[in-house]
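To start, the structure itself, in structure tokens.
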Amino acid sequence: MQEATRSRIDGHWSRRFGVPVPGLHPVTVSGSGRHDDAALVLLLGDHAYVDAPLAHLDALAPLALAHAPATLLDAATWAPVATGTVLGPADHFWADHETALPANAEPLDPADRMVLAGAVDDAEWHEAGFDRDPHACFGIVEDGRLVAASVLTSLWGWPVDVGVLVAPDARGRGLGTRVAGAALAAGVGLSGFAAFRAARDNIASRRVAARLGLEAYGANLAVPLG
């Protein structure tokens, strides 16, 4: 990963949490006031950052500061305060101009991505970012049928976020890697870097990241408090 890419990532999180990144301490707890019903927990390298709702700041700070940074990405750590299912963790993978990306999937009309809506459930559709307006789409069509697609959508104000869907009966053949590579290459071309986020238990997505040589940097989870 280029140093400029890492600086852009760190700069975003510094603005998001309102604290220096890297942090002055292994665990930093802040209250941005952005949310009142959930806490955002981020691990960057060996530092953790917790954005706690202002009403919960006094309760969450002692819990967070009593743990090592990596432990804060364990949903069980937050069991004493969570009011619902902890979401995550999700790992963040990155590409930039140092990443050799194969772009062997064709551009797809964004409207055509809807063909895959009936092949996956709503949670998978949302997790892949297919419910957002894309800057670009790429797909693989076999025998006149769309079997895999990727979208490039906005993250932090830039077109860098890549999501992938593959029809269930076409999985295990590397199609997700092909469409992901095309969308990541488009993101790098437009913004200088691109992101691919994968839930830690999503083995298929993590394999895509590994095959494409993406660099892992950052992970997060959300703790419901409302």
| said: Using only DSSP helix segments of four residues or longer, with each worth -39500 (n - 2.57), what per-residue ellipticity at 222 nm results for the chain after dividing by its residue count and rounding to 500? | reply: -7500 deg cm²/dmol
| remark: Once all protein chains are kept in place, R145 shows an accessible area at probe 1.4 Å, nearest 10 Å², of 100
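Measure off, as a whole percent, the carbon and sulfur share of the 1.4 Å-probe accessible area of the chain, all protein chains present.
With neighbouring chains kept in place, the figure for the chain is 53 percent.
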| remark: Computed over the chain, the Cα gyration tensor eigenvalues, each multiplied by 5 and square-rooted, give semi-axes in Å (largest first) of 33, 19, 15
| request: For the chain, set up a Gaussian network in which alpha carbons nearer than 10 Å are linked by springs, and say which option among T77, T99, T28 fluctuates the most. | output: T77
| message | Quick check for you: with a 1.4 Å probe and neighbouring chains kept, what is the accessible area per residue of the chain, in Å²? | response | 47
| query | Given 10 Å bins starting at zero, what is the percent of C-alpha pairs of segment 132-226 in each, up to the one with the largest pair distance? | reply | 16, 46, 30, 7, 1
| Most fluctuating residue of A100, A183, A76 in a GNM of the chain with Cα springs under 10 Å: which is it? | A76
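The values are calculated or read from the model by the stated rules, or taken from the named source; none is laboratory data. The shown structure was predicted, so the numbers you read here are calculated from the model rather than taken from an experiment. We work out accessible area using only protein heavy atoms, side chains counted, and drop any ligands, DNA or RNA first. Shrake-Rupley method; radii C 1.70, N 1.55, O 1.52, S 1.80 Å.
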